[in-house]
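The values are calculated or read from the model by the stated rules, or taken from the named source; none is laboratory data. This one's a predicted model, so the numbers in the text were calculated from it and none came from an experiment. Don't worry about glycine lacking a Cβ; one is built from the backbone with ideal geometry, like all the others, and counts go over all protein chains shown.
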């Protein structure tokens, strides 16, 4: 591989010149760069930022603007500069009730609530910087998986054994569903809660999706149109009304406000040959567009029509997602998206669309771009240094146009740096390399070496200009004028 730093000046100059002189023609309504470029993240490294544990299970922003990270070994508070950690202390009744943090919730007063995996619930007292515990023995189960707050100062708590309500006075009321209810005991294994703007409580459990109306205690199960009684693991408010929900093995779904009678619509997150993703978290990143945080499949971006793209960890790309095991997503008040995963926390700004950077090639983990060309049909030809050429169509379809093969020196690119591209006949290219001149055919699917009738038949060609059928070639030994029709070369050198 060629050192990318060697290419910086050349590639930048070629890119700016190419973009300034030749407009890229994308298909109407298609931004091919946002499709091809990876989503860029900034990483909060657990080692550098002193996380209590690298495995972060939940994220929340409190009323003061602090970011809180619940991990498998304690709770961290991030102020933008440094982390302060909180842990369970058997000798301190005002410490965390346990260190394995399952969920975090900020109520309408801006207070932080902490749900643990086996040690119950606690509220952070920010005035005294301590925790006020809710006695684990009074909850249906000390395993707290979900929390939602209402306008009255009360708290809905989803546990492994039923739904509880903690009123403003701290009294706990149980709303366990009878075993004869739809879903049986699985309906009491609560995984997600959401109180929507209309006051409807949405409940995700191992038995599926249910809702509790504002008036009365009745809880109705919501059937999806496929009739799959799958576990619902995550919920997000839909600004259009109702909710978006994530499942264990059936993708995501959209449920309207009247879902108890109208049902819900499922949206598969499995491409052909892929299994369905386990959706642990959901957030709307920009209006009408959601991210699904999955266990093992990274982040899946989707809208009401279907999948937009998959966002995954790419080992060769330092700014990619740190881990594909994503436990939680959170969009803060500034619009920044926080992604909790098994390697800490990543952040992404959806509004930062000034530049799109493509880091890899088709079948290549990383690339250095050394030359560009747009052909008559609007395809962008990208020279990948010594790794060949990729072709990007206006509709963002991308393919490996040409790759080097030292065993076919006359009919394949050399394994050396490509320095220049210019269109030959429509949709074909002249290619200048460190090892001579090449010409394509078959709309860029084939290539042949073009030895020059010159004392140096395979010169280093750093630039190409086509004028009136002739090629002007810039080489270290001077300027060459090549006539492909007559197969003649005339050399021009500095000096008398």
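Here are the numbers:
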{"quantity": "Matching strands (runs of 3 or more DSSP E) fully within the range 77-169 where at least 2 residues are in contact (Cβ under 8 Å) with a residue 24 or more places away in the chain and under 28 Å from residue 43 (Cβ atoms)", "calculated": "83-86, 101-106, 112-116, 144-149"}
{"quantity": "Elements of type strands (runs of 3 or more DSSP E) in the range 333-429, at least 2 residues being at pLDDT below 85 and outside the structural domain of residue 76 (by TED's automatic domain parsing)", "calculated": "398-402"}
{"quantity": "The one condition in (1) on the phi < 0 side of the Ramachandran plot; (2) touching a residue at least 60 places away in the same chain (Cβ under 8 Å) that residue 489 fails to fulfil", "calculated": "(2)"}
{"quantity": "Odd one out for residue 187, checked against (1) surrounded by fewer than 20 Cβ atoms within 10 Å (Cβ to Cβ); (2) in a helix (DSSP H, G or I)", "calculated": "(1)"}
{"quantity": "Flag if residue 220 is surrounded by fewer than 17 Cβ atoms within 10 Å (Cβ to Cβ) and assigned by TED's automatic domain parsing to the domain that holds residue 234", "calculated": "yes"}
{"quantity": "Any chance residue 93 is in contact with a helix residue (DSSP H, G or I) (Cβ under 9 Å, 6 or more places away or on another chain) and assigned by TED's automatic domain parsing to the domain that holds residue 154", "calculated": "no"}
{"quantity": "Residue match in the range 98-107 (condition: touching a helix residue (DSSP H, G or I) at 6+ places or on another chain (Cβ under 8 Å), assigned by TED's automatic domain parsing to the domain that holds residue 63, closer than 20 Å to residue 52 by Cβ and at pLDDT 95 or above)", "calculated": "no"}
{"quantity": "Residue among 127, 72 that is surrounded by fewer than 17 Cβ atoms within 10 Å (Cβ to Cβ) and assigned by TED's automatic domain parsing to the domain that holds residue 318", "calculated": "127"}
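Conditions (1) in contact (Cβ under 8 Å) with a residue 12 or more places away in the chain; (2) surrounded by fewer than 20 Cβ atoms within 10 Å (Cβ to Cβ), marked per residue:
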| position | (1), (2) |
| --- | --- |
| 401 | yes, no |
| 406 | no, yes |
| 409 | yes, yes |
| 429 | yes, no |
| 440 | yes, no |
| 473 | yes, no |
| 494 | yes, yes |
